[in-house]
Every structure is written in structure tokens, then in C-alpha cells.
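This report refers to the structure that appears directly beneath it.
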Amino acid sequence: MRRHRIAAIGGDGVGPEVIEAGLSVLSDLAGREGFTLDVTRFDWGSDYYRRTGRMMPADGVEQLKGFDAIYFGAVGDPDIPDHITLWDLRLAICQGLDQYANVRPTKLIGGMRGPLRPELGEAIDWVIVRENSEGEYAGIGGRTHAGLPIELAMDVAVFTRAGVERICRFACETAMARPRKRLTVVTKSNAQRHGMVLWDEACRDVLKGFPELDVDWKLVDAMAALMVTRPGNFDTILASNLHADILSDLASALTGSLGNGATGNVDPSGTHPSMYEPIHGSAFDIMGKGIANPIGAFWTGAMMLERLGEATAAEKLMNAIETVSRSGPHTPDLGGQADTRAVTAAILDATRRGRQ
């Protein structure tokens, strides 16, 4: 029997709730599809920080290296500065395991209803590829003269030719595997005249090796507008760490709820485990109410299964998500009154029945 070792990190807020919902579905699927998920749970996050002064143990990244994949809930706590919760857990894992490709699919699945007119919303079918290791989130910078009128803080956006080339190559391969074979490269080289000019140059060099691709270029501000007004123009979208972070949240909101969004933080080489997470964040305002939307966690789980080589199980889970998104039940963020448990039960039922 095929066996996959999964590190489960619920994290903060509603993260543990949706991760446990996801694990119940994934484990049930595994039992019926002939493989095993060997899950190890880690209690890392803000509560761990309150107990220990750290978001995870000093050797946390080393502990994760022995797993096949990481299933991650959320990070963020209103009582702990965001730069601590993010940098000392999620980003520490992404950078420590060289998960340089962040992959965010976006589509109005089943009966999802977003804020756009139906004919525009139905045209959304994107994969956003985000550079996940450098750029504006490289962590280079500092502060000086604290508390004085001349206090200074600086963050340096770091772009390396190797880093840009590898994410562009991954985006090209992603686009080539999709029917439209269309790639949009997002830039801001008209204003960021050093890092983003290198971005453009390195991408152009990589693109020479993919003559079959239909490629266009967009400035990030124009891209934000066009994703709303002309969503059918786009398919695979490549952007830097900061730009894609913003655009992918916009993309998820266009599906009707951030709770629908799924993400994979991927090491394409397979040297290290990749990490999969719903994008909605910790949502402390609804923590413990049992109404968190688990669709993003299920979709994220399907991405993880596909990466693990369990394509049949991944397809069955996506079909179940389509079914429940179309017919309900729906959580309050999608206009319904169901709780997390009811949606999870409906997904389980749909996977068992195999209905579409």
C-alpha cells in the first residue's frame, strides 16, 4: 500500500478547524483509494509562541524535511505582531525548504458566485504562479535611529537572475500543461528600474525556450484592473512575490470568498516537501464558531494529493467540491447558514458516492 507522510500544522485561528476537516476527508479518500496518509500533527503557532517564545522549535525546518508534504492551516494572531508570526513560521518554512514556487489556482467552481457579472465570473480560470523566495519578501533591510526624528526603516527587494529564471521556467511549464498555453508576465519595470528590469530580462531569456507559448506582458496596476474587467484574457499568470500576493487575494475574492482559495508552496525539484495551505488566513473573528469555510482546505488537499501522485483521489475530491459548491450546503461567507461540519459531511458524502 502506498504511504505518504504528512506533517499537519493547524496554526492559528480557524486554521486547526479547517485542517482537521480536510484531514477527515483526505483520510477517508485514502482508505478507499488504496493508500495511507501517515499524519503527524505539530502544535506550532501563536499559542506555542506564548508558551515558548518561538513560533516553532529551533530545529522545526529540520523536523519537516522527513515528510512527503506539509498541510498548513493559517498563521496570525491579534496579540502578536504579524512580522513575528509570519516570518518565524510560514516564511521560515517556505524559505528553509526552498519552496520557491507558490501556486494559486482560481476558478468559480460549481455554484460559486463572485462579485462580477456572471459572464465575467465564468471566464475566470487562472493559475497564478508567485515567486516565493526573494523579491520584496527577501527579508533584507533594517532599522536605525529608533525613536528619533531621523529614524529610518528599509526593506530591500532582492531579485537574482537564478531566482527569476527558475520561477519563470516553472511558470512556462505550468502554462504548457494547460490547454490555452497562455502566459502573462506581470511587471512594474517602468517604476522599479533595477530589480524589475532584471526580472523582465531574465524572463525574456527563459521564454526563448518556449516558442509555443502565447505570451503577453502587463504592468501590475493594469493587471489588477484587467482581472476584473477582462478576466477571460488570462490563463497562467507569473508575478513577483509581492505583486502575486496581492493579485492572488484579489483573484480569490472574485470567486466570492477568500475561504475558497487554495495554495501550494512548492519545491519543484522534490528535494524538500512542499507545503499546502488555504489562503484565507487565521480569521480570528470567527474562530471557535464552527462556521469557517473549509472549501479552500479541501481544494488545497486535492493539490497535495495530485503532487503526491494520487491523481485519481485528487480528481474525486475536486468533483466533490464542484458538487457541494453547486448544490450546497454553504457557509455564511458564501451566503448560506451551514457550519464547517455540515459542509465537510457533504464533501465526504459526495466523494463516497462519486457523483458530479
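The values are calculated or read from the model by the stated rules, or taken from the named source; none is laboratory data. Source: prediction; values computed, not measured. Cβ placement follows ideal geometry from the backbone for every residue including glycine, while neighbour counts extend to all protein chains displayed. Only protein heavy atoms, including side chains, enter the accessible area calculation; ligands, DNA and RNA are left aside. Shrake-Rupley method; radii C 1.70, N 1.55, O 1.52, S 1.80 Å.
When the range 258-313 is examined, which residues are found to be on the phi > 0 side of the Ramachandran plot and touching a helix residue (DSSP H, G or I) at 6+ places or on another chain (Cβ under 6 Å)?
Answer for the range 258-313, where residues must be on the phi > 0 side of the Ramachandran plot and touching a helix residue (DSSP H, G or I) at 6+ places or on another chain (Cβ under 6 Å): just G290.
Can you find a residue that is within 21 Å of Y100 (Cα to Cα) and touching an Asp or Glu at 6+ places or on another chain (Cβ under 7 Å) anywhere in the range 208-229?
no
G76 is checked against (1) surrounded by fewer than 20 Cβ atoms within 10 Å (Cβ to Cβ); (2) modelled with pLDDT under 95; (3) of a type outside the set (A, V, I, L, M, F, W, C) and fails just one. What number does that condition carry?
(1)
Take the conditions exposed (fewer than 13 other Cβ atoms within 10 Å of the Cβ), at pLDDT 95 or above and among the β-branched types (V, I, T) and apply them to I167. Does it pass?
Numbers: exposed (fewer than 13 other Cβ atoms within 10 Å of the Cβ): no; at pLDDT 95 or above: yes; among the β-branched types (V, I, T): yes.
It is false that I167 is exposed (fewer than 13 other Cβ atoms within 10 Å of the Cβ), at pLDDT 95 or above and among the β-branched types (V, I, T).
Out of contact with any helix residue (DSSP H, G or I) (no Cβ under 7 Å at 6 or more places or on another chain), touching a residue at least 24 places away in the same chain (Cβ under 8 Å) and open to solvent by less than 30 Å² (accessible area, probe 1.4 Å): is that true of G328 in this structure?
Yes, satisfied.
Please go through the range 243-300 and pick out each residue that is open to solvent by less than 10 Å² (accessible area, probe 1.4 Å) and either without any contact (Cβ under 8 Å) to a residue 40 or more places away in the chain or of a type in the set (F, W, Y) (or both).
Once the filter is applied, which keeps residues that are open to solvent by less than 10 Å² (accessible area, probe 1.4 Å) and either without any contact (Cβ under 8 Å) to a residue 40 or more places away in the chain or of a type in the set (F, W, Y) (or both), the range 243-300 yields Y276, F298.
Across the range 175-214, which residue is surrounded by the most Cβ atoms within 10 Å (Cβ to Cβ) among those that are out of contact with any helix residue (DSSP H, G or I) (no Cβ under 6 Å at 6 or more places or on another chain) and part of a strand (DSSP E or B)?
Applying the filter and picking the extreme gives T184.
Are any residues in the range 6-63 part of a loop (DSSP other than H, G, I, E, B) and open to solvent by less than 40 Å² (accessible area, probe 1.4 Å), and if so, which ones?
D12, G13, V14, G34, W44, G45, M55, M56, P57
Quick grid of which residues meet (1) within 30 Å of N319 (Cα to Cα); (2) modelled with pLDDT of 95 or more; (3) out of contact with any Gly (no Cβ under 8 Å at 6 or more places or on another chain):
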position: A7; (1), (2), (3): yes, yes, yes
position: D43; (1), (2), (3): no, yes, no
position: S46; (1), (2), (3): no, yes, no
position: D59; (1), (2), (3): no, yes, yes
position: K65; (1), (2), (3): no, yes, yes
position: A69; (1), (2), (3): yes, yes, yes
position: L89; (1), (2), (3): no, yes, no
position: L97; (1), (2), (3): no, yes, yes
position: V103; (1), (2), (3): yes, yes, no
